Amino acid sequence: MASVPGLPDPGRCLVMGVLNVTPDSFSDGGRWLEPDDAITHGLRLHAEGADLVDVGGESTRPGAARVDAGEELKRVLPVVEALAAAGVVVSVDTMRAEVAGRAVEAGARLVNDVSGGRAEPEIMRVAAQAQVPFVLMHWRTHSATMQDDAVYADVVADVVAEMEQQIAAAGDAGIAADQLILDPGLGFSKTGAQNWTLLSGLDALGALGHPVLVAASRKRFLGELLADEGGELRTTQEREPATVAISALAAAAGVWCVRVHDVGPSLDAVRVAARWADG
Ligand code: PMM
């Protein structure tokens, strides 16, 4: 089982709880926009057993417009600070170097950059200097137009090749190899079919030699798979059992961490997978 220095190591796949302090994220947008509500929810995720709580202040749903850095800082910092002070292992979900740096100062212990260092390359140096682990997600462009770029000759090979470039950039920026976590970026410049191909080809990502994080929770491709006969997608809430299935399968495939909105059921799933593997 992979482990990352400085982060929890429970001997099973980790569970990261999602805490979006945004008005417009696809699943929990608007629910935790007030700092007190966000902090309460973060503590709840922690109490439910989340190994990490991932605090984000910018929605990356397909088509989303960017927020400015000042607004992102205003959303994220008080929540990171309060949760870290309460003993929660906090990760910050941001593409901005300044937000990452300030969040780490406020107590965040992991930088989760959905752009994999491509939006603001300086973010890699910030993580390196702070010596915190860095989630390098596969990403091509910002959410407003990302689905126009879901074109691959071979999605697994192309994603791996593009990630190898960003892994090299992370090394050049001074991020230690054992502080780097890879994420295929499900839904980011990817169709539903491409997400499934990436999941079934996760070994190729794992072969790059870093822990892998999978974030499928409640995403549209699960709603599409389980659509009714009239083509009506499952609602985000109704995608929860499928999310739990992904957590179990990801854990069984050796994934280091799953990032989910509802922690309890996925924690059960990764515990089952660990027990199964133990025999
Ligand atoms: N997806 C979202 C946000 N942050 N971070 C990582 N590492 N990987 C992802 O796939 C990812 C992410 C999408 O929005 P959500 O916060 O509503 O799930």
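The values are calculated or read from the model by the stated rules, or taken from the named source; none is laboratory data. Just so it is clear, the structure is predicted and the values come from calculations on it, not from any experiment. With ideal geometry, Cβ positions are generated from the backbone for all residues, glycine too; neighbour counts draw on all protein chains shown. What goes into the accessible areas is simple: the full protein's heavy atoms, side chains included, and nothing from ligands, DNA or RNA. Shrake-Rupley method; radii C 1.70, N 1.55, O 1.52, S 1.80 Å.
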Worksheet item: Which pairs do you get when a residue that is within 17 Å of Ala216 (Cβ to Cβ), found in the range 43-71, comes within reach of a residue that is within 14 Å of the ligand (Cβ to nearest atom) and open to solvent by 30 Å² or more (accessible area, probe 1.4 Å), reach meaning Cβ atoms under 7 angstrom, with the pair 6+ apart or on two chains?
Response: Asp54/Arg259; Arg61/Asp24; Arg61/Phe26; Pro62/Gln147
Fill in: Exclusive hit being among the hydrophobic types (A, V, I, L, M, F, W, C) and open to solvent by 30 Å² or more (accessible area, probe 1.4 Å), set Ala251, Ala269, Ala227
Ala227
Item to complete: Please work out which one of (1) assigned to a helix (DSSP H, G or I); (2) free of Cβ contacts under 8 Å to residues at least 40 places away in the same chain is the condition Leu83 fails and give its number.
Response: (2)
Discussion item. Condition first: closer than 18 Å to Gly6 by Cα and touching a residue at least 60 places away in the same chain (Cβ under 8 Å). Can you find one or more residues in the range 158-178 that meet it?
Written reply: yes
Worksheet, complete the sentence: Restricted to the range 85-103 and to residues being open to solvent by 30 Å² or more (accessible area, probe 1.4 Å) and farther than 22 Å from Trp139 by Cα, the residue nearest to the ligand (Cβ to nearest atom) is Arg102
Practice prompt. Just name the residue that is surrounded by the most Cβ atoms within 10 Å (Cβ to Cβ) out of those in the range 110-140 that are away from the ligand (no atom under 15 Å from the Cβ) and in a loop (DSSP other than H, G, I, E, B).
Written response: Glu120
Item to complete: Quick one: in the range 206-224, of everything that is more than 13 Å from the ligand (Cβ to nearest atom) and of a type in the set (A, V, I, L, M), which residue is most open to solvent (accessible area, probe 1.4 Å)?
Response: Ala207
Discussion item. Need pairs with beta-carbon distance below 6 Å; first residue closer than 20 Å to Ala252 by Cβ and within the range 212-235, second open to solvent by 30 Å² or more (accessible area, probe 1.4 Å) and among the small types (Gly, Ala, Ser); sequence gap 6+ or separate chains.
Written reply: Val212/Gly206
Worksheet entry | Failed criterion for Arg61 (all others in (1) in contact with a Gly (Cβ under 8 Å, 6 or more places away or on another chain); (2) outside any loop (DSSP other than H, G, I, E, B); (3) open to solvent by 50 Å² or more (accessible area, probe 1.4 Å) hold) | (2)
Worksheet item: Can you tell me which residue in the range 3-35 is farthest from the chain's Cα centre (by Cα), limited to those that are closer than 15 Å to Leu83 by Cα and open to solvent by less than 10 Å² (accessible area, probe 1.4 Å)?
Response: Val21
Worksheet, complete the sentence: Val258 meets each of (1) in contact (Cβ under 8 Å) with a residue 12 or more places away in the chain; (2) more than 24 Å from Val111 (Cβ to Cβ) with one exception, condition (2)
